[in-house]
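Trainee: This structure is in structure tokens; I'll ask about it shortly.
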Amino acid sequence: MTTKVLAPRVYWTNFLWLMGLLALTWGLGYVNFGVFNLPIALFISFAKTILIVLFFMHIKGSSRLLHLAAMTGLLWLFLMLLLTLTDYYSRGWVSVPR
Amino acid sequence: MSEAAAENILAEQFDDLEQQHEAAKLGMWIFLATEVLFFGGLFLAYTVYRYLSPEAFAAASRHTEVILGGANTAILLFSSTLMALAVRAAQLGRRGHLIWLLLATAFLGMVFMGVKGLEYHKDFTEHLVPGADFQWHEANPGAAEMFFWLYFAMTGLHAIHVIVGIILMLVLAVFAWRRRFAGGNYMPVEIAGLYWHFVDIVWVFLFPLLYLAGHR
């Protein structure tokens, strides 16, 4: 599928949203939400990523095949993090005889 | 676009330009998936060590330069916007715009690297570089050194990607100057744009993880 030509306004609006989210991330760094600081910060980072991927990288309006390809990296990363962390989290739960 | 120009840029293994463009983009997205996992190993190491010593990571993170890191985030987001506009200029065949936007993107990449250099210099003088000269006067120096090892590995790998991106933009600007993207052949610019945006996304995660791990 040939990439559609978008209006410059789309890119500048996206830029303003990204800067707003950056300000939010930055501000968050000075507030103590305890254990929630990290999840909120990551949530904002994912929001920024979605904006960049949809508009700057033209995933919005592209083919299903590209949607799938764009998801693969994230999926494998998620699996790698999940499986490794279950290991670290559960170490020492049971004593394994040698 | 004239018939002759279209045939000129169409490689023989493709039926039409649309198929050729789709193949180029698919190839780039697959490459970016491998890049996600390339950085993913470091993100995984970060996650595990932060999970094992959260207090030391928070304390070490307070020694990074949050103003410079935040400014660099803004610089990259701005450069990504210019890159997206460069792709648009290439789509529309506006050669003059394209050249300037590519040069501006490369320039912002260089500013990013300059700020990074300033930060690294401060880290060096404050003995925060892991190794024989590392000095830490708070609790758990081992974990703090691990944080700074990851900080340098992650920002270093990212910086290498930025340098590659700068070179890419400069080469593309020369190509645009030589009218290589004439006749609808804008795909190289779009592909390079995907790379640049990816590098931006990596930084979007590095900023909160490395600079804001402990609230200030």
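Trainee: With r defined as the distance between the Cβ atoms of A:L74 and B:D133 and R0 fixed at 35 Å, what FRET efficiency is calculated, to the nearest 0.05?
Mentor: Computed FRET efficiency for A:L74 and B:D133 comes out at 0.35.
Trainee: Continuing with this model, one more query. Consider all pairwise Cα distances in segment A:42-98 and report the whole-number % of them above 17 Å.
Mentor: Working: 923 of 1596 pairs.
Of all Cα-Cα distances in segment A:42-98, 58 percent exceed 17 Å.
Trainee: Report the equivalent ellipsoid semi-axes for segment A:1-56 in whole Å, largest first, defined as the square roots of five times the eigenvalues of the gyration tensor built from alpha carbon atoms. Spell out each step's value before the answer.
Mentor: Details: eigenvalues 169, 30, 3 Å².
Rounded to whole Å, the semi-axes are 29, 12, 4.
Trainee: Got a sec to turn the phi values of segment A:41-58 into Karplus ³J(HN,Hα) couplings, 6.51 cos²θ - 1.76 cosθ + 1.60 with θ = phi - 60°, whole Hz, x for Gly and Pro?
Mentor: Coupling constants for segment A:41-58: 4, 5, 4, 5, 4, 5, 4, 4, 4, 4, 4, 5, 5, 5, 9, 5, 8, 6 Hz.
Trainee: Per the Debye formula with a single identical scatterer at each Cα and no solvent contribution, what log10 I(q)/I(0) holds for the protein assembly as shown at q = 0.11, 0.13, 0.15 Å⁻¹?
Mentor: For the protein assembly as shown, the Cα-only Debye profile gives -0.73, -0.96, -1.21.
Trainee: Please report Rg over Rh for segment B:133-179, where both radii come from the alpha carbon positions and Rh follows the Kirkwood definition.
Mentor: Numbers: Rg = 18.7 Å, Rh = 13.4 Å.
Using Cα coordinates only, the ratio equals 1.40.
Trainee: Regarding chain A, what is the average projected area of its C-alpha convex hull, in nm²?
Mentor: 9.7
Trainee: Under the Karplus relation 6.51 cos²θ - 1.76 cosθ + 1.60, θ = phi - 60°, what is the ordered set of whole-Hz ³J(HN,Hα) values for segment B:92-103, x standing for Gly and Pro?
Mentor: Each residue of segment B:92-103 in turn: 8, x, 8, 5, x, 4, 4, 4, 5, 5, 5, 5 Hz.
Trainee: Are there GluC sites (Glu not before Pro) in segment B:123-201 that DSSP puts in a loop and that have at most 15 other Cβ atoms within 10 Å, and which ones?
Mentor: B:E126, B:E138
Trainee: Continuing with the same structure: Say R0 is 35 Å: what FRET efficiency, to the nearest 0.05, do B:R179 and A:I50 get from their beta-carbon distance?
Mentor: It comes to 0.45.
Trainee: Also: In angstroms, what radius of gyration and Dmax does segment B:109-216 have, counting Cα atoms only?
Mentor: Answer for segment B:109-216, Rg first and Dmax second: 18.4, 63 Å.
Trainee: Here's another thing I want to ask about it. Can you give the FRET efficiency for B:D16 and B:F38, using 1/(1 + (r/R0)^6), R0 = 35 Å, r = Cβ-Cβ distance, to the nearest 0.05?
Mentor: Using R0 = 35 Å, I get an efficiency of 0.55.
Trainee: Okay, moving on. Per residue of segment B:208-214, what does 6.51 cos²θ - 1.76 cosθ + 1.60 with θ = phi - 60° give for ³J(HN,Hα)? Whole Hz please, x for Gly and Pro, Karplus curve as stated.
Mentor: x, 5, 8, 9, 10, 5, x
Trainee: If I model a spin label at B:L118 and A:S63 as a point 7 Å from the Cα along the Cα→Cβ vector, what separation in nanometres do I get?
Mentor: Computed distance between label sites B:L118 and A:S63 equals 4.6 nm.
Trainee: Using the Cα gyration tensor of segment B:74-166, with a ≥ b ≥ c the square roots of its eigenvalues, what is the shape: rounded (a/c below 1.5), prolate (a/b larger than b/c) or oblate (neither)?
Mentor: Prolate.
Trainee: Within straight cross-link reach of B:K116, meaning Cα distance under 18 Å, which aspartates and glutamates are found once same-chain residues fewer than 8 apart are removed?
Mentor: Straight-distance partners of B:K116: B:E65, B:E126, B:D200.
Trainee: Using only the Cα atoms of segment B:27-182, what are the Rg and Dmax in Å?
Mentor: 19.0, 61
Trainee: Here's a follow-up. Would you mind checking the radius of gyration and Dmax of segment B:27-77 based on alpha-carbon positions, in Å?
Mentor: My reading of the Cα-based Rg and Dmax gives 14.8, 42 Å.
Trainee: Can you tell me, using C-alpha contacts under 8 Å and at least 6 residues apart, the relative contact order of chain A as a whole percent?
Mentor: 33
Trainee: Now for a separate question. Apply the a/c threshold of 1.5 to the C-alpha gyration tensor of segment B:10-101 and tell me whether it is rounded, prolate or oblate. It would help to have the intermediate numbers written out before the result.
Mentor: Working: a/c = 6.44, a/b = 1.75, b/c = 3.68.
Note, shape of segment B:10-101 comes out oblate.
Trainee: Using the crude model of +1 on Lys and Arg Cβ and -1 on Asp and Glu Cβ, and no other charge, please compute the dipole size for segment B:1-121 relative to its Cα centre, in debye to 20.
Mentor: Rounded to the nearest 20 debye, it is 700 debye.
Bear in mind these aren't lab numbers, they're just calculated from the coordinates by the rules spelled out. Predicted model only: the values in this text are computed from it and were never measured. Using ideal geometry, Cβ is built from the backbone for each residue, glycine included, and neighbour counts are taken over all protein chains shown.
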